[in-house]
Amino acid sequence: MVLPSLKNCLWLSCILRTPKACFWSTASGGLIIQSVSNDVYQNLAVEDWIHDHMDLEKQQVLFLWRNSPAVVIGRHQNPWQECNLRLLRQKNIKLARRRSGGGTVYHDLGNINLTFFTTRKKYERMENLKLIVKALKALRPQLDVHVTDRYDILLDRQYKISGTAAKLGRTSAYHHCTLLCNADKVVLSSVLKSPYKGLKSNATPSVPASVKNLFEEDPSLTSEMLLDAIAKEYATQHQIDHHITVINPADETLLPGISNKTKELQTWEWLYGKTPKFSISTCLNMAYKDSVLDVRVNMDVKHGRIEVCNIDLPEQWLPPGLYSELVKSLTGSKFCPNETTTLVTTLLRVCPQDDELHSKWSLLCENMIMLM
Amino acid sequence: VCIHRVRSCSSIRFIKSKYVCVFDKSALKFSHQQRLFRTSAVSCGQIVQFKLSDIGEGITEVTVKEWYIKEGDSVSQFDSICEVQSDKASVTITSRYDGVIRKLHYSIDDIAFVGKPLVDIEIDASKGVASEEDVVETPPMSHEEHTHQEIKGHKTLATPAVRRLAMENNIKLSEVVGTGKDNRILKEDILNYLAKQTGAILPPSPKAEIIPPLRKTETVPAAPRDKAQKIPVPVSRPIVFSGKDKTEPVTGFQKAMVKTMSAALKIPHFGYCDEIDLTQLVQLREELKPVAELRGVKLSFMPFFIKAASLGLLQYPVLNASLDENCQNVTYKASHNIGVAMDTEQGLIVPNVKNVQVCSVFDIAVELNRLQSLGSAGQLGTSDLTGGTFTLSNIGTIGGTYAKPVILPPEVAIGALGKIQVLPRFNGKGEVFKAQIMNVSWSADHRVIDGATMARFSNLWKSYLENPASMLLDLK
């Protein structure tokens, strides 16, 4: 990532002189910053930090960032509904929940993120998107890009290259959007397809769309060029220097409290516990010995924990005491494959040591875990 | 239409509400109801309907997604009340008033309308009713210092009046200890802070709203005090600890552990401990570590401990057995599936290495690596966690010497390994040398295992580890 030269000494001394409010910039009107980190949690934490601590009255901020592979869901979404969590775990792709609304997106280094910070009063998404389109057209006049009234940017009138979301607080607001430069479309479509059946939820659903990379339209384009073009346009419109300040999201001195924000974004309570209440109603097809059993399962999940659990097993398939023990343990437990695995294997220790019972138990539990 | 009707009903209810009293400081007039909704000395306040303010971009309706408060909670100005969503934008609605929440007009997933009431807040009578206009924004400088507000809804540390007082006196709120509810900073705290700075004893504020726990000095007339007043006297106040107990239900994995450990309690445990000289093993491992690394495997001491245990179990198979529920039958397990206790975020989990009796030390190391990386990623499978017949717990990696491990049913024995320490010992010639000493603590089920068996097994295990070359003789 090659960045324009930094007036390091100048802005560093600015920070040291005025440690808190109104730091960083010698220019007024606007500030362009770029993150050195590709960690989605650190970068989301920077957004939170700016939203909570910076005074945007005198200067607005444009934040540029990219992430290593991650799926980012909206504030009120259901990760089970939106993506293939099993695949994410296998491929080591991170899951993040942002604080703004909207739908689910896939990030990798071929996708750039832009966040426009303003005061609450100056919140204006259309203008920001028009700025991006203007920058793209200035870079490559032949590109057919335009903004829709759903705040998407379309290429060639059919392919989505940018999605938008926003967060409004009491005094400040931010609008962030993605821009597809050269993302891995194969991984994108596979991770954003949910395999979980029978989910019923009031969570915000995502609207699937056909996507295309700008790189496919014009192979001479790179992420750096696009970032630079957008920064240039922002600088022009805000009448400031075309100068990008680099920040390190791990710097606690510059951003006091940032490591706590970063940690919070990674907790189970935030990622999964914030999922709006949902229910699962599905059928397990378990092949046991010579037959196939159809087992109806109904579960209610609230705050990411199983509130109600019903498994419709044939009578006496499992000893009744054991069945009720399973249901009792699952109730109140996290709707999480790891938690459930450790729970059921621990419970097995106090069951009668019978091979047939053990294989039935394992079969049932493996199927239950697949739902998570 | 349905929603509209509900709302007009609620407004009618509001007019009839017994909460509304005449705003009159002099006469504390309560209606004939039994319950008191305030415990302070202030009279009942006025209910104000806090309306959903303009979101911008011409939006007229939003969906309520999360409440940060519930009816009966007290809020301060700028506290977060709820999260609403509109067209890809998530908006945090904050309170305009200080007061107590009396009514929520919407449930989760309801559509809320801009300009219509969102919550009813009962305002402190002494503070008066805030104007309907948008709140004037505080000067930018005070933002981080005085508004410790996070989107998820933690309360601010001080009311606006207190903040103003602090600002006027150039006091940083972060340096003042709050003694109010949730560590809130009260006026008294500011005054006490000032007293400490100036060394004077300030008189208490004339219209204190909340009675501080201890009042001193304001009515002390005696003469001897005069001399003392020249020396700054710190205002002593009893240390008020406002932490609260937190009760959580026992769920999930923890619940299962409760069951297992209660079952383990029924096993009559006996313990046997010993000291192992690992000097030779330490040297051997140093030599073999690079070889294993070339093959892409991290070699710790555990593979040696596990293999030695399996060799021992071949001679003393009762330690690899299981007793049935009624204690009528003992099953001698053919496979040595040796469990390794692992400390993870969730707590203690015990995956096991299958069939150690046919594995080489290197095989065991490979399998351990696999289990360890799955364990830290939280991705262990059910087969990894079931079928164990014997367990070793290397608690020494965290610390400790001797332990009293608890047997994991349905097994009958367990060993806890302490940390390796460098200690002085005597050799055969009576000379002192540096020895690498590790302690082992065994626990076994006394219903099927006796002390002698445990001791002999331990001695055999110990001899394999103290003289690793002897393992070669018996390796299968």
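The values are calculated or read from the model by the stated rules, or taken from the named source; none is laboratory data. Quantities reported herein were computed from a predicted structural model and do not represent experimental measurements. We place every Cβ from the backbone using ideal geometry, glycine too, and count neighbours over all the protein chains shown. Heads up: the accessible areas ignore ligands, DNA and RNA and are worked out on the full protein's heavy atoms, side chains in. Shrake-Rupley method; radii C 1.70, N 1.55, O 1.52, S 1.80 Å.
Structure above, values below:
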{"read-out": "B:GLN254, sole failed condition from (1) closer than 27 Å to B:ILE349 by Cβ; (2) in a helix (DSSP H, G or I); (3) assigned by the TED database to the domain that holds B:MET454; (4) open to solvent by 40 Å² or more (accessible area, probe 1.4 Å)", "value": "(3)"}
{"read-out": "Hits in the stretch A:189-209 (condition: open to solvent by 40 Å² or more (accessible area, probe 1.4 Å) and of a type in the set (A, V, I, L, M, F, W, C))", "value": "A:LEU192, A:VAL207, A:ALA209"}
{"read-out": "The stretch A:326-372 - residue that is facing chain B (nearest Cβ under 7 Å) and not in a helix (DSSP H, G or I) and, of those, least open to solvent (accessible area, probe 1.4 Å)", "value": "A:SER333"}
{"read-out": "1 or more residues facing chain A (nearest Cβ under 10 Å): qualifying helices (runs of 4 or more DSSP H) within the stretch B:297-391", "value": "B:361-377, B:382-385"}
{"read-out": "Lone unmet requirement of (1) within 12 Å of chain B (Cβ to nearest Cβ); (2) free of Cβ contacts under 8 Å to residues at least 40 places away in the same chain for A:GLN316", "value": "(1)"}
{"read-out": "Residue that is least open to solvent (accessible area, probe 1.4 Å) [pool: residues in the stretch B:407-454 that are in a loop (DSSP other than H, G, I, E, B) and of a type in the set (Gly, Ala, Ser)]", "value": "B:GLY418"}
{"read-out": "Count of residues meeting criterion [surrounded by fewer than 22 Cβ atoms within 10 Å (Cβ to Cβ) and closer than 20 Å to B:VAL62 by Cα] in the stretch A:101-124", "value": "5"}
{"read-out": "The lone exception for A:ASN310 - which of (1) out of contact with any strand residue (DSSP E or B) (no Cβ under 9 Å at 6 or more places or on another chain); (2) away from chain B (no Cβ under 12 Å) it fails", "value": "(1)"}
{"read-out": "Residue list for the stretch A:53-86, filter: out of contact with any Asp or Glu (no Cβ under 8 Å at 6 or more places or on another chain) and within 30 Å of B:ASP109 (Cα to Cα)", "value": "A:VAL72, A:GLY74, A:GLN77, A:ASN78, A:PRO79, A:TRP80, A:GLN81, A:GLU82, A:CYS83, A:ASN84, A:LEU85, A:ARG86"}
{"read-out": "Residue within the stretch A:292-315 that is in a helix (DSSP H, G or I) and open to solvent by less than 60 Å² (accessible area, probe 1.4 Å) present", "value": "no"}
{"read-out": "Filtered residue count, the stretch A:125-156, keeping only those that are exposed (fewer than 13 other Cβ atoms within 10 Å of the Cβ) and in contact with a helix residue (DSSP H, G or I) (Cβ under 8 Å, 6 or more places away or on another chain)", "value": "1"}
{"read-out": "Residue within the stretch B:396-404 that is open to solvent by 60 Å² or more (accessible area, probe 1.4 Å), within 29 Å of B:VAL291 (Cβ to Cβ), more than 14 Å from chain A (Cβ to nearest Cβ) and in a helix (DSSP H, G or I) present", "value": "yes"}
{"read-out": "Positions within the stretch B:405-417 being more than 14 Å from every other protein chain (Cβ to nearest Cβ) and within 27 Å of A:CYS351 (Cβ to Cβ), in sequence order", "value": "B:PRO405, B:ALA413, B:GLY415, B:ALA416"}
{"read-out": "Only one of B:GLY347, B:GLY312 that is in contact with a helix residue (DSSP H, G or I) (Cβ under 9 Å, 6 or more places away or on another chain) and either more than 21 Å from B:ASP450 (Cα to Cα) or open to solvent by 70 Å² or more (accessible area, probe 1.4 Å) (or both)", "value": "B:GLY347"}
{"read-out": "One residue from B:GLU57, B:GLU71, B:GLU66 being open to solvent by 50 Å² or more (accessible area, probe 1.4 Å), within 33 Å of the chain's Cα centre (by Cα) and at pLDDT 50 or above", "value": "B:GLU71"}
{"read-out": "Scope the stretch B:257-276; condition at the interface with another protein chain (Cβ under 10 Å from one of its Cβ atoms), surrounded by 13 or more Cβ atoms within 10 Å (Cβ to Cβ) and among the small types (Gly, Ala, Ser); matching residues", "value": "B:ALA263, B:ALA264"}
{"read-out": "Any chance A:MET225 is touching an Asp or Glu at 6+ places or on another chain (Cβ under 9 Å), outside any loop (DSSP other than H, G, I, E, B) and in contact (Cβ under 8 Å) with a residue 24 or more places away in the chain", "value": "no"}
{"read-out": "Qualifying residue in the stretch B:46-59 (condition: in contact with a Phe, Trp or Tyr (Cβ under 7 Å, 6 or more places away or on another chain) and within 25 Å of A:SER201 (Cα to Cα))", "value": "no"}
{"read-out": "Failed condition for B:ILE276, given (1) modelled with pLDDT of 85 or more; (2) over 37 Å from the mean Cα position of the chain (by Cα); (3) in a helix (DSSP H, G or I)", "value": "(3)"}
{"read-out": "One residue from A:LEU265, A:LEU254, A:LEU221 being hydrophobic (A, V, I, L, M, F, W, C) and within 30 Å of A:GLN77 (Cβ to Cβ)", "value": "A:LEU265"}
{"read-out": "Any pair with Cβ under 8 angstrom, 6 or more apart, that starts in the stretch B:371-384 at a residue that is farther than 12 Å from B:GLN346 by Cβ and ends at one that is acidic (Asp, Glu) and in a helix (DSSP H, G or I)", "value": "B:LEU371/B:ASP384; B:LEU374/B:ASP384; B:THR382/A:GLU366"}
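This table checks each residue for (1) in contact with a Cys (Cβ under 9 Å, 6 or more places away or on another chain); (2) open to solvent by 20 Å² or more (accessible area, probe 1.4 Å).
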{"site": "A:THR164", "(1), (2)": "yes, no"}
{"site": "A:CYS181", "(1), (2)": "no, no"}
{"site": "A:VAL187", "(1), (2)": "no, yes"}
{"site": "A:VAL211", "(1), (2)": "no, yes"}
{"site": "A:LEU214", "(1), (2)": "yes, no"}
{"site": "A:HIS238", "(1), (2)": "no, yes"}
